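The values are calculated or read from the model by the stated rules, or taken from the named source; none is laboratory data. If you're wondering where the values come from, they're calculated on a predicted model, not measured in any experiment. Here the Cβ positions follow ideal geometry from the backbone for every residue, glycine too, while neighbour counts run over all protein chains shown. Note: areas computed on protein heavy atoms with side chains; ligands, DNA, RNA excluded. Shrake-Rupley method; radii C 1.70, N 1.55, O 1.52, S 1.80 Å.
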Amino acid sequence: MVKELVENALDAGATQIAVEAQGGGVSLIRVTDNGSGIPANDVELAFNRYATSKIGALTDLERISTLGFRGEALPA
């Protein structure tokens, strides 16, 4: 999950990322960044399991230029 959140931060243009964990990541995992965030029209979709705004057609798979699928970690 941390990997996905850090990738999301990088995709959002973050230049500063902080990861905090407590209890070996069991009691707390917090990732904060200065990225631009997710567009408002993608927020609802981001909470759907296995959802991504990057793939609308099979040919989109060839044009993925970012690290993660934004929102992938949210349902987790």
FRET efficiency for ASN34 and LEU58, Cβ-Cβ distance as r, R0 = 35 Å, nearest 0.05? 0.50
With all protein chains in place and a 1.4 Å probe, LEU61 shows an accessible area in Å² (nearest 10) of 90
